[in-house]
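Trainee: Attaching a single structure in structure tokens format; questions to follow.
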Ligand SMILES: C[S@@+](CC[C@H](N)C(=O)[O-])C[C@H]1O[C@@H](n2cnc3c(N)ncnc32)[C@H](O)[C@@H]1O
């Protein structure tokens, strides 16, 4: 085992710990980022190598922004641990290698590396997809320096929204983290639909479920909750579900999605607000709920992906809105479209 692999093993052991020791995790994620930069030799030569890519299904983050994702500590932990647990289950149930597609690897394939310290290449085989050439080059260097090429079945610089899987029936896990809060701008939905509509029923999708929920928020109580050291203070009221992405939903809409790609609008959802919402709450917000796998979930505000997205302020002096009508739209600029009705 070379020193890079030894360091990865030590870091992974902390990231994959069941118990959460935030201070220890904070420092180990900093070590992880340092190791990833070293192992990939990632150096940006000029700004041209660091552009976001605008696709028909959303924005692909530039290498610099993709690297910043590592610092989102709880995101990195929950995704790495959730993916590890999914692999462990799949390995225990399969004769022969578990085949994993990781779409949108960024320059490091951050989410899968800890699992590579726990499984052999006879147990897992990877298909790695990344649209950005600079990130793709970096990933190739990192794989060579960790001597991980034996784990790689396929590695391609391509758009995962149009990727055609060879032997899709043998794919056991699809993982992608190409999202921002409220599923805006990035192509998480389009990538998940393309890949999951090709594989069989047993395939695990990571994250297992992302859902957008409508909340009424009391900002005074929210501030009090942030500073309260004791029991959490309830500061919002859940008023309805707007949109979900999971295996069941994908199988329900996959035909319509394909027929309308890259522009598809999911059916409208109407949420009726309680009377006096404007008197009792300060704003309407969207919560992004992320269940990575089983018990690995990201709670409100734990990650940049789960910060609340404020839709509109409510004014107690003005007439309240009676309902919110929403749809999720896949397009060059994906996201929730909302209409407030009086
Ligand atoms: C949010 S970053 C995450 C990077 C890494 N997986 C992580 O979790 O740290 C998303 C990555 O997905 C890539 N990406 C976005 N859209 C893509 C697409 N349609 N096909 C392939 N890769 C894509 C971006 O270029 C970027 O590197």
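Trainee: For region 54-73, which positions are under 18 Å from residue 162 (Cα atoms), within 7 Å of the ligand (Cβ to nearest atom) and either assigned by TED's automatic domain parsing to the domain that holds residue 303 or outside any strand (DSSP E or B) (or both)?
Mentor: 57, 61
Trainee: Can I ask one more? Within region 33-47, which residues are assigned to a helix (DSSP H, G or I) and either at pLDDT 95 or above or crowded, with 18+ Cβ neighbours inside 10 Å (or both)?
Mentor: In the first step, residues of region 33-47 are kept if they are assigned to a helix (DSSP H, G or I); the result is 33-40, 47.
Residues satisfying the conditions are 33, 34, 35, 36, 37, 38, 39, 40.
Trainee: Give all pairs with beta carbons closer than 7 Å in which a residue from region 217-237 that is buried (at least 16 other Cβ atoms within 10 Å of the Cβ) meets a residue that is part of a helix (DSSP H, G or I); count only pairs at least 6 apart in sequence or on separate chains.
Mentor: Final answer for the pair search is 235/221; 235/222; 235/225.
Trainee: Please go through region 300-342 and give me each residue that is within 17 Å of residue 239 (Cα to Cα), at pLDDT below 95 and in a loop (DSSP other than H, G, I, E, B), ordered by number.
Mentor: Residues satisfying the conditions are 314, 320, 321, 322, 342.
Trainee: Filter region 84-99 for residues that are in contact with a helix residue (DSSP H, G or I) (Cβ under 7 Å, 6 or more places away or on another chain) and under 17 Å from residue 199 (Cα atoms) and give the result.
Mentor: Pass one, region 84-99, residues in contact with a helix residue (DSSP H, G or I) (Cβ under 7 Å, 6 or more places away or on another chain): 84, 87, 98-99.
Matches in region 84-99: 87, 98, 99.
Trainee: Oh, and also: For the structure I just gave you, tell me whether residue 130 is over 28 Å from residue 45 (Cβ atoms), in the same structural domain as residue 87 (by TED's automatic domain parsing) and touching a strand residue (DSSP E or B) at 6+ places or on another chain (Cβ under 7 Å).
Mentor: no
Trainee: For region 174-200, which residues satisfy the criterion of being over 15 Å from residue 102 (Cα atoms) and touching a residue at least 60 places away in the same chain (Cβ under 8 Å)? Please lay out each step first, then the result.
Mentor: Restricting attention to region 174-200, the residues satisfying the condition of being over 15 Å from residue 102 (Cα atoms) are 180-186, 197, 200.
Passing the criteria: 180, 181, 182, 183, 184, 185, 186, 197.
Trainee: So, one more: Hey, does region 148-156 have a residue that's touching a helix residue (DSSP H, G or I) at 6+ places or on another chain (Cβ under 7 Å), within 27 Å of residue 38 (Cα to Cα), touching a residue at least 40 places away in the same chain (Cβ under 8 Å) and assigned by TED's automatic domain parsing to the domain that holds residue 194?
Mentor: no
Trainee: Follow-up. Filter region 155-213 down to the residues that are within 11 Å of the ligand (Cβ to nearest atom) and surrounded by fewer than 21 Cβ atoms within 10 Å (Cβ to Cβ), then identify the one that is nearest to the chain's Cα centre (by Cα).
Mentor: Only one residue tops the list, namely 180.
Trainee: Next up: Have a look at 99, 78 and point out the one that is more than 14 Å from the ligand (Cβ to nearest atom), under 20 Å from the mean Cα position of the chain (by Cα), closer than 26 Å to residue 297 by Cα and at pLDDT 95 or above. Steps first, answer last, please.
Mentor: Working: 78 fails: more than 14 Å from the ligand (Cβ to nearest atom).
Testing whether each residue is more than 14 Å from the ligand (Cβ to nearest atom), under 20 Å from the mean Cα position of the chain (by Cα), closer than 26 Å to residue 297 by Cα and at pLDDT 95 or above leaves just 99.
The values are calculated or read from the model by the stated rules, or taken from the named source; none is laboratory data. Every value quoted in this text rests on a predicted model; they were computed, and no experiment measured them. For neighbour counting, all protein chains shown are included, and Cβ atoms are generated from backbone atoms with ideal geometry for every residue, glycine included.
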